[in-house]
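*Asks:* This structure is in C-alpha cells; I'll ask about it shortly.
The values are calculated or read from the model by the stated rules, or taken from the named source; none is laboratory data. Keep in mind that what you see is a predicted model, and the values were worked out from it rather than measured. When we count neighbours, we look across all protein chains shown, and the Cβ atoms used for this are built from the backbone with ideal geometry, even at glycine.
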Amino acid sequence: MASSSTNIKRTILNEDLSNVEFETSEDVEVIPTFDSMGLREELLRGIYAYGFEKPSAIQQRSIKPIVKGRDVIAQAQSGTGKTATFSISILQSLDTQLRETQVLCLSPTRELAVQIQKVILALGDYMNVQCHACIGGTNLGEDIRKLDYGQHVVSGTPGRVFDMIRRRTLRTRSIKMLVLDEADEMLNKGFKEQIYDVYRYLPPATQVVLISATLPHEILEMTSKFMTDPIRILVKRDELTLEGIKQFFVAVEREEWKFDTLCDLYDTLTITQAVIFCNTKRKVRISDIFLRFLDQNVFFFFLK
C-alpha cells in the first residue's frame with residue numbers, strides 16, 4: 001500500500017458510500033501518443049494495424065508504469081481500452097527469444113480469457129508472440145501440448161490455470177507479471193482463494209496488475225496482500241456511466257403503441273447508431289422493415 005507521505009488525492013464519495021475511499025496517485029504521467037511511450041517498433045506496427053490512432057485516457061496513464069514494472073491498480077469505464085492497456089504493456093515487457101511463460105492473465109470467464117488472447121495475438125502480430133487461452137471446458141490434452149511447446153503469455157480462468165500449474169505443465173519460474181482482469185469479479189465472487197492458490201506458485205518478485213471497471217474499497221484492501229506500493233489510477237464510482245450515452249425510458253402502456261413510440265423517437269432524435277432488443281422474432285422482423293423504410297442500414301439476428 002502507498003504510504004501516507006505519498007502525494008495522493010483522496011476522494012470521499014457521497015453519503016451512502018461515505019466509508020468508501022478512492023485514491024489516485026498524483027504523480028501519474030499522462031503520455032498523449034503511442035509514439036511517445038517508448039514502445040518497440042514492431043509493437044507500434046501492431047497497434048496501428050489494429051486500428052488504434054491515439055491512446056485512451058486509461059492507456060495514457062497506465063501503460064508506462066506497467067512497463068516500468070510497478071504494481072498497478074487501474075480502473076476505467078467499460079469500452080475505454082482496458083484490455084489493450086495491459087496487452088500493450090505485456091507485449092512491451094516480453095522477451096520473445098525466451099520460449100517460456102512470462103505473463104499470466106487471469107479472468108473470471110472463459111470468453112474474456114479468449115478475448116484477451118485474441119487481442120494480444122493481434123497487437124503482437126509483428127512480434128512472433130505465443131499466447132494460449134487456458135480455460136475450462138476445452139481439451140486438456142491441447143492445453144498440455146500448447147504449454148509444452150512454450151507460450152510467452154497464458155490467458156486463462158483460475159481453475160484451469162491452477163490445474164495446469166499443479167500438473168507442472170504450466171511452469172511459473174519465468175513469470176514476471178500477473179494480470180487480474182475484471183478484478184472486482186475475480187475477488188468478489190468466489191475467485192479469491194483460487195487467485196491466492198495461483199499466486200503462491202509465482203516468483204516472489206512478480207509484478208501484479210489489476211484492471212477493472214469497478215474497484216470497491218473492500219477489494220482494494222485485499223490487494224494489500226499481494227501488491228507492493230501500487231500506482232493507483234482510479235475514477236469515482238459515480239463517474240462510471242459511459243460518456244456520450246444518454247439513459248432514459250419511455251413508459252408505453254399498450255403493446256400496439258410501441259412502434260409509434262419508436263417512430264416518434266426517430267423523428268425527434270438524431271440517431272446514427274442503435275441497438276434494438278425485441279422479445280419475439282416477429283417484432284424483430286417488423287423493426288427491420290420499419291428501419292429499412294427509414295433508409296437505415298440494418299442487421300438483425302436471433303438468439304435461440
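*Asks:* Is segment 72-87 home to any residue that is surrounded by 23 or more Cβ atoms within 10 Å (Cβ to Cβ), more than 14 Å from LEU210 (Cα to Cα) and at pLDDT 95 or above?
*Replies:* no
*Asks:* Within the bounds of segment 181-197, is there any residue that is β-branched (Val, Ile, Thr) and surrounded by fewer than 19 Cβ atoms within 10 Å (Cβ to Cβ)?
*Replies:* Checked segment 181-197: no residue is β-branched (Val, Ile, Thr) and surrounded by fewer than 19 Cβ atoms within 10 Å (Cβ to Cβ).
*Asks:* Counting only residues that are of a type in the set (Gly, Ala, Ser) and not in a loop (DSSP other than H, G, I, E, B), which one in segment 72-87 is farthest from ILE47 (Cα to Cα)?
*Replies:* Selected residue: ALA74.
*Asks:* Mind checking which residues of segment 88-124 are assigned to a loop (DSSP other than H, G, I, E, B) and either buried (at least 17 other Cβ atoms within 10 Å of the Cβ) or among the aromatic types (Phe, Trp, Tyr) (or both)?
*Replies:* LEU94, THR101, GLN102, SER107, PRO108, GLY124
Let's see how each residue does on (1) within 23 Å of LEU91 (Cβ to Cβ); (2) in a loop (DSSP other than H, G, I, E, B):
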site	(1), (2)
MET164	yes, no
LEU178	yes, no
LEU202	yes, yes
ILE219	no, no
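*Asks:* Test each condition in (1) surrounded by 22 or more Cβ atoms within 10 Å (Cβ to Cβ); (2) of a type in the set (A, V, I, L, M); (3) modelled with pLDDT under 95 for MET222 and report the one that comes out false.
*Replies:* (1)
*Asks:* Within the set of pairs 6+ apart or on separate chains, which have a first residue in segment 253-268 that is within 13 Å of LYS283 (Cβ to Cβ) and modelled with pLDDT under 80, a second that is among the small types (Gly, Ala, Ser) and assigned to a helix (DSSP H, G or I), and C-beta atoms under 8 Å apart?
*Replies:* That search, which allows pairs on different chains as well, returns PHE259/SER287; LEU262/SER287.
*Asks:* Among the numbered criteria (1) part of a helix (DSSP H, G or I); (2) modelled with pLDDT of 90 or more; (3) in contact with a strand residue (DSSP E or B) (Cβ under 9 Å, 6 or more places away or on another chain), which one does GLY69 miss?
*Replies:* (1)
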